[in-house]
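Read through the structure below, which is laid out as structure tokens, and then see the notes.
The values are calculated or read from the model by the stated rules, or taken from the named source; none is laboratory data. Since the structure is predicted, the reported quantities are computational estimates derived from the model, not experimental observations. All Cβ positions, even for glycine, are placed from backbone atoms using ideal geometry, and neighbour counts span all protein chains on display. Quick note on the areas: whole protein, heavy atoms, side chains included, nothing else; ligands and nucleic acids left out. Shrake-Rupley method; radii C 1.70, N 1.55, O 1.52, S 1.80 Å.
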Amino acid sequence: DTMNIEDVTGLTVNGVDKTTVIIQPSSTLDWDVGGYGSSRKGAVRVVNSTDVTLQNMTMDFDLIKGNGIFGIFGWDSALTVDNNILQNMSVDDSSGGYYELCSYFRAPGFTDGDRADVTFTGNTFIDAGRVGIVTHDYIYATIDGNTFYKTLDDFGYGVEVGSQSTGVVSNNVIYGYDTPAASDGSESAGIYIENAFTSGSTTQLTKNVTVENNEIYDCQYAMWIGNGYDAFAGDVAL
């Protein structure tokens with residue numbers, strides 16, 4: 001009930017119908033990369049792989065959700081997530097939820113001139129954890145035509161394009177991200193563009209992200225842009 005995709009090129013996991021093909025993992029996999037070992041875990045693990053596609057299925061994370069657990073985790077990989085329902089990753093703030101992320105992607109092995117392509121098209125994210133999609137490091141993200149919403153009073157963002165990652169966020173519908181974090185008061189927003197976690201960066205770059213034609217409503221903020229944390233940002237300009 002987990003997927004471990006490592007050192008693979010050209011793999012498509014295609015459901016017949018996203019409303020009837022339901023993946024509900026009851027266990028997780030260790031990240032086991034980047035020095036994280038077993039401290040972080042995920043249900044779908046994609047590592048050092050290219051041309052991977054996950055499409056036409058429901059991914060229900062209700063049985064594994066929790067802090068430090070990720071629905072889909074990608075590391076130095078290029079993949080497409082298309083026409084899926086991703087749901088039930090949220091843990092209510094009053095129950096201690098904070099670090100539960102539906103999908104998280106990093107590409108420290110790439111560069112500004114050679115980025116890992118991560119694409120999300122036509123998906124629906126329902127109560128999908130603190131954040132639906134998070135990208136960090138040298139990723140070019142295409143996030144187009146998705147719907148993100150929360151029915152719970154739960155802190156977070158629909159999309160976070162972070163650190164050195166760039167890309168385009170377009171034609172999405174985002175609503176229900178309307179609750180600040182119970183623990184520290186951090187604000188919720190539909191889209192978060194930040195340059196945090198780059199204090200160790202030795203390469204100067206300008207981070208370009210295109211945001212266009214999105215419909216965002218019933219959120220605490222439509223967009224939050226920048227880094228409000230001292231010493232978190234390096235030589236990466238927004």
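Key figures for this structure:
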quantity	calculated
Check on G190, out of contact with any helix residue (DSSP H, G or I) (no Cβ under 9 Å at 6 or more places or on another chain) and either open to solvent by 30 Å² or more (accessible area, probe 1.4 Å) or part of a loop (DSSP other than H, G, I, E, B) (or both)	no
Search result, residues across region 38-60 that are in a loop (DSSP other than H, G, I, E, B), free of Cβ contacts under 8 Å to residues at least 40 places away in the same chain and out of contact with any Phe, Trp or Tyr (no Cβ under 7 Å at 6 or more places or on another chain)	S38, S39
Considering residues of region 45-66 that are in contact with an Asp or Glu (Cβ under 8 Å, 6 or more places away or on another chain) and surrounded by fewer than 16 Cβ atoms within 10 Å (Cβ to Cβ) only, the residue farthest from T19 (Cα to Cα)	N48
Test: residue in region 100-113 that is of a type in the set (V, I, T) and modelled with pLDDT of 95 or more	no
Looking only at region 217-231, and only at residues there that are part of a loop (DSSP other than H, G, I, E, B) and at pLDDT 70 or above, the one that is farthest from F110 (Cα to Cα)	D218
Residues of region 148-170 satisfying the condition of being within 13 Å of the chain's Cα centre (by Cα), at negative phi and open to solvent by less than 10 Å² (accessible area, probe 1.4 Å)	F148, G158, V159, V161, G162, S165, V169
Leading residue by the ranking (farthest from I72 (Cα to Cα)) among those in region 105-118 that are open to solvent by 30 Å² or more (accessible area, probe 1.4 Å) and touching a strand residue (DSSP E or B) at 6+ places or on another chain (Cβ under 9 Å)	D112
Residue match in region 14-33 (condition: open to solvent by less than 40 Å² (accessible area, probe 1.4 Å), over 19 Å from the mean Cα position of the chain (by Cα), modelled with pLDDT of 95 or more and closer than 28 Å to I126 by Cβ)	yes
Check on S183, over 23 Å from V81 (Cα atoms) and either free of Cβ contacts under 8 Å to residues at least 24 places away in the same chain or surrounded by fewer than 16 Cβ atoms within 10 Å (Cβ to Cβ) (or both)	yes
Top-ranked residue in region 67-100 [being farther than 21 Å from G156 by Cα and among the charged types (D, E, K, R); ranked as surrounded by the most Cβ atoms within 10 Å (Cβ to Cβ)]	D76
Answer residue from region 193-228, given it is without any contact (Cβ under 8 Å) to a residue 40 or more places away in the chain and of a type in the set (V, I, T) and is surrounded by the fewest Cβ atoms within 10 Å (Cβ to Cβ) among those	T202
Residue tally, condition farther than 25 Å from T121 by Cβ, part of a loop (DSSP other than H, G, I, E, B) and not aliphatic (A, V, I, L, M), over region 193-216	9
Odd one out for T20 among (1) farther than 19 Å from I133 by Cα; (2) in a strand (DSSP E or B)	(2)
